[in-house]
Amino acid sequence: MSTAMNFSNKSFTPRPPDKGAFPLDHFGECSAFKERFMECLRHSGYESAACRQSAMAYLECRMDRRVAQLMANEPLEKLGFKDLINEKSEEKREKS
């Protein structure tokens with residue numbers, strides 16, 4: 001019996017992320033939003049679900065900074081914030 005390991009000749013071909021690069025915020029344009037998100041995480045015991053509002057605000061900031069090209073515009077629904085957007089629109093209707 002042979003106990004030799006059989007390694008296949010398949011090679012790994014890297015591919016870029018689906019949404020492209022996520023550049024660093026070198027000028028700190030969204031650092032206040034990032035700090036609020038990080039503070040929320042610390043207070044919630046690093047439970048990210050409790051900080052979704054802060055995460056959404058941070059991503060909105062990155063999308064709004066088109067000059068620095070921090071993030072391409074993407075509908076927030078596609079980023080998993082559909083329920084938070086619906087809550088905002090309901091609150092606006094109640095205030096009217």
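The values are calculated or read from the model by the stated rules, or taken from the named source; none is laboratory data. Computed from a prediction, not measured in an experiment: that's the story for all the values here. All Cβ positions, even for glycine, are placed from backbone atoms using ideal geometry, and neighbour counts span all protein chains on display. All accessible areas refer to the heavy atoms of the entire protein, side chains included, with ligands and DNA or RNA removed. Shrake-Rupley method; radii C 1.70, N 1.55, O 1.52, S 1.80 Å.
With the other protein chains left in place, how much accessible area per residue, in square angstrom, belongs to region 30-91 at a 1.4 angstrom probe?
So region 30-91 comes to 65 Å² accessible per residue, rounded to a whole number.
In sequence order, what are the phi-derived ³J(HN,Hα) couplings for region 65-74 according to the Karplus relation 6.51 cos²θ - 1.76 cosθ + 1.60 with θ = phi - 60°, rounded to whole Hz, with x for glycine and proline?
Computed from phi, the couplings for region 65-74 are 8, 5, 5, 7, 6, 6, 6, 5, 5, 9 Hz.
Could you check the spin-label model distance between Gln69 and Ser11? Points 7 Å from the Cα along Cα→Cβ, value in nm.
3.0
Over region 21-75, with every protein chain in place, what whole percent of the accessible area is carbon and sulfur at 1.4 Å, could you tell me?
57
Starting from the Cα gyration tensor of region 30-91, take the square roots of the eigenvalues, sort them a ≥ b ≥ c, and report rounded, prolate or oblate (rounded when a/c is under 1.5, otherwise prolate if a/b is larger than b/c, else oblate).
oblate
Using r as the Cβ-Cβ distance of Ala49 and Glu29, and R0 as 30 Å, what FRET efficiency do you calculate, to the nearest 0.05?
Efficiency computed from Cβ-Cβ geometry: 0.70.
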